[in-house]
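Undergrad: Following this message is one structure expressed as structure tokens.
The values are calculated or read from the model by the stated rules, or taken from the named source; none is laboratory data. Not measured: the values here are computed from a predicted model. FYI the Cβ positions are ideal-geometry reconstructions off the backbone, even for glycines, and counts take in every protein chain you see. Areas reflect the complete protein model, heavy atoms only, side chains present, ligands, DNA and RNA absent. Shrake-Rupley method; radii C 1.70, N 1.55, O 1.52, S 1.80 Å.
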Amino acid sequence: DVVETLLYAGELLNDPDSLVLVFPQGKLYSVYHNNIAFEKGVMQVVNASKKKFQIIFAANLVDFASRKYTVQTCLNSWEAEEYMSLQLLKSEYNKHYAEAVKAQNKVAV
């Protein structure tokens, strides 16, 4: 059951030795998709936890500038506020993603 899985993932966040990776948009999209939409399940994971975990945003960017393409992963630690909403999480991630794309474009030029 999907709901049980989300609740279990939230419980895993309570263990500091656990790592939970989430694709909050619910599925993978093309690398050319600029605005990442978050599905509500990500907040079920957050709310099932004690909210004492670290959030690391990751943006994986592919560069096809040469015959041998590269993949760059941009990471950013984000300090969540006491009250975290889906909209806030989405907004902060999309800022990170836009900055990662901007940095990649500067390198490519």
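Undergrad: Can you name every residue in region 51-61 that is modelled with pLDDT under 90, open to solvent by 40 Å² or more (accessible area, probe 1.4 Å) and of a type outside the set (S, T, N, Q)?
TA: Those that are modelled with pLDDT under 90, open to solvent by 40 Å² or more (accessible area, probe 1.4 Å) and of a type outside the set (S, T, N, Q): Lys51, Lys52.
Undergrad: For Phe23, work out the one condition from (1) open to solvent by 70 Å² or more (accessible area, probe 1.4 Å); (2) farther than 18 Å from Ser91 by Cβ; (3) out of contact with any strand residue (DSSP E or B) (no Cβ under 8 Å at 6 or more places or on another chain) it doesn't fulfil.
TA: (2)
Undergrad: What is the residue count in region 1-52 for residues that are touching a Pro at 6+ places or on another chain (Cβ under 8 Å), assigned to a loop (DSSP other than H, G, I, E, B) and among the hydrophobic types (A, V, I, L, M, F, W, C)?
TA: 2
Undergrad: Scan region 93-109 residue by residue and report those that are at pLDDT below 85 and either outside any helix (DSSP H, G or I) or among the polar types (S, T, N, Q) (or both).
TA: Gln104, Asn105, Val109, listed by residue number.
Undergrad: Identify, by number, the condition in (1) out of contact with any helix residue (DSSP H, G or I) (no Cβ under 6 Å at 6 or more places or on another chain); (2) in contact (Cβ under 8 Å) with a residue 40 or more places away in the chain; (3) closer than 20 Å to Leu6 by Cβ that Asn34 doesn't meet.
TA: Result: Asn34 passes all but (3).
Undergrad: Anything in region 75-92 that is at pLDDT 90 or above and open to solvent by 90 Å² or more (accessible area, probe 1.4 Å)? List them, or say none.
TA: Matches in region 75-92: Leu75, Gln87.
Undergrad: Evaluate the following for Gln72: is it open to solvent by 50 Å² or more (accessible area, probe 1.4 Å), over 29 Å from Val2 (Cβ atoms) and either polar (S, T, N, Q) or touching a Phe, Trp or Tyr at 6+ places or on another chain (Cβ under 7 Å) (or both)?
TA: In short, yes.
Undergrad: May I ask you to verify whether Val45 is β-branched (Val, Ile, Thr), surrounded by 15 or more Cβ atoms within 10 Å (Cβ to Cβ) and free of Cβ contacts under 8 Å to residues at least 40 places away in the same chain?
TA: Answer is yes for this residue.
Undergrad: Also, quick follow-up: I need every pair where a residue in region 73-92 that is assigned to a strand (DSSP E or B) has its Cβ under 6 Å from the Cβ of a residue that is small (Gly, Ala, Ser), sequence separation at least 6 or different chains.
TA: Listed pairs, sorted by first residue: Thr73/Ala58; Cys74/Ala59; Cys74/Ala100; Leu75/Ala58.
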